[in-house]
């Protein structure tokens, strides 16, 4: 059984574990990124994890983080699940937790990650707009989705 909770104490050890989850997840789902691009983006992950207003972590029965999401305002800013735990319902549980606790209504997803887009559509989100670049100005189109 997974334990889902908001994390207040963001220790360096936890940030390192979550960054490892991020990296495994991205390598499994963001096939449009090269190893060099992943390494470059990874440099920003610890800071993002330390500063996101709400950091929610799912731990397995061994108290190991296997997924996390970050929420700012009503926006889902990040959701990453370890490859071994994809398809287990954990993403759905996290999204529902975010909707119930933080009132998530919007998110952005990489257009080149069709599985994630399909998942969010299944959860009731619909594409509202598209950009040619991500928030850092990199050439990865984003789809902004809103909960209907």
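Coordinate-derived values only; no laboratory data. Model, not experiment: these values are computed from the prediction. Cβ placement follows ideal geometry from the backbone for every residue including glycine, while neighbour counts extend to all protein chains displayed.
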(request) For residue 51, state whether it is without any contact (Cβ under 8 Å) to a residue 24 or more places away in the chain and within 22 Å of residue 73 (Cβ to Cβ). (result) yes
(message) Looking only at segment 7-48, count every residue that is under 18 Å from residue 76 (Cα atoms) and either loosely packed, with under 14 Cβ neighbours inside 10 Å or free of Cβ contacts under 8 Å to residues at least 40 places away in the same chain (or both) and tell me the total.
(response) 7
(request) Name, by its number, the condition in (1) without any contact (Cβ under 8 Å) to a residue 40 or more places away in the chain; (2) surrounded by fewer than 17 Cβ atoms within 10 Å (Cβ to Cβ) that does not hold for residue 71. (result) (2)
(message) Scan segment 96-108 and tell me whether some residue there is touching a residue at least 60 places away in the same chain (Cβ under 8 Å) and surrounded by fewer than 22 Cβ atoms within 10 Å (Cβ to Cβ).
(response) yes
(request) Select from segment 126-148 the residues that are in a strand (DSSP E or B) and either surrounded by fewer than 16 Cβ atoms within 10 Å (Cβ to Cβ) or under 15 Å from the mean Cα position of the chain (by Cα) (or both) and list them in ascending order. (result) 126, 127, 128, 129, 130, 131, 142, 143, 144, 145, 146
(request) Identify, by number, the condition in (1) more than 17 Å from residue 93 (Cα to Cα); (2) buried (at least 16 other Cβ atoms within 10 Å of the Cβ) that residue 4 doesn't meet. (result) (1)
